[in-house]
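S.K.: To start, I am sharing the structure in question, which I have written as structure tokens.
The values are calculated or read from the model by the stated rules, or taken from the named source; none is laboratory data. As the structure is a computational prediction, the values presented were derived from the model and not from experiment. Here the Cβ positions follow ideal geometry from the backbone for every residue, glycine too, while neighbour counts run over all protein chains shown. Heads up: the accessible areas ignore ligands, DNA and RNA and are worked out on the full protein's heavy atoms, side chains in. Shrake-Rupley method; radii C 1.70, N 1.55, O 1.52, S 1.80 Å.
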Amino acid sequence: MAEKIQLLEISKRKLLGQSVSCCSYDELQEIEDQLQRSLLRVRQRKAQLYMEQIDQLRSQESNLLQENAKLTERWQRSENSQVEAEEEAAPYCSSSQILEVDTELFIGLPKQGCSL
């Protein structure tokens with residue numbers, strides 16, 4: 001068991017580049033090939049995660065678009081029913097019930113008819 005641990009530690013140091021000075025050309029070539037394969041697997045996994053995230057975001061976009069369409073339809077129905085209610089109430093409202101409101105904003109005292 002101790003021998004296996006020692007071999008794994010040596011292999012780990014080689015992969016980390018810590019003890020490559022004592023490696024032969026063939027060993028260095030094998031380490032490089034192994035690193036290339038590892039890098040390829042990492043890049044493939046990264047691409048897979050990106051694709052999964054893109055799919056998730058597309059699904060979320062679709063759900064939000066559907067919800068937006070439902071809310072827009074609901075808002076339009078509400079607006080239409082409000083307009084219909086106003087149209088139905090219009091014949092019953094007399095002109096005396098209509099109030100004019102001054103919506104201007106004044107800062108200070110209101111203007112008076114005579115000047116100083």
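S.K.: Examine region 1-11 for a residue that is open to solvent by 100 Å² or more (accessible area, probe 1.4 Å), outside any helix (DSSP H, G or I), modelled with pLDDT of 85 or more and not basic (K, R), and state whether such a residue exists.
M.R.: Scanning region 1-11 turns up at least one residue that is open to solvent by 100 Å² or more (accessible area, probe 1.4 Å), outside any helix (DSSP H, G or I), modelled with pLDDT of 85 or more and not basic (K, R).
Yes or no, residue by residue, for (1) on the phi < 0 side of the Ramachandran plot; (2) out of contact with any Leu (no Cβ under 7 Å at 6 or more places or on another chain); (3) not hydrophobic (A, V, I, L, M, F, W, C):
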{"site": "I10", "(1), (2), (3)": "yes, yes, no"}
{"site": "V20", "(1), (2), (3)": "yes, no, no"}
{"site": "A47", "(1), (2), (3)": "yes, yes, no"}
{"site": "D55", "(1), (2), (3)": "yes, yes, yes"}
{"site": "A69", "(1), (2), (3)": "yes, yes, no"}
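S.K.: Moving on. Only one of (1) modelled with pLDDT under 75; (2) closer than 30 Å to L16 by Cβ fails for Y50. Which number is that?
M.R.: Of the numbered conditions (1) modelled with pLDDT under 75; (2) closer than 30 Å to L16 by Cβ, the odd one out for Y50 is (1).
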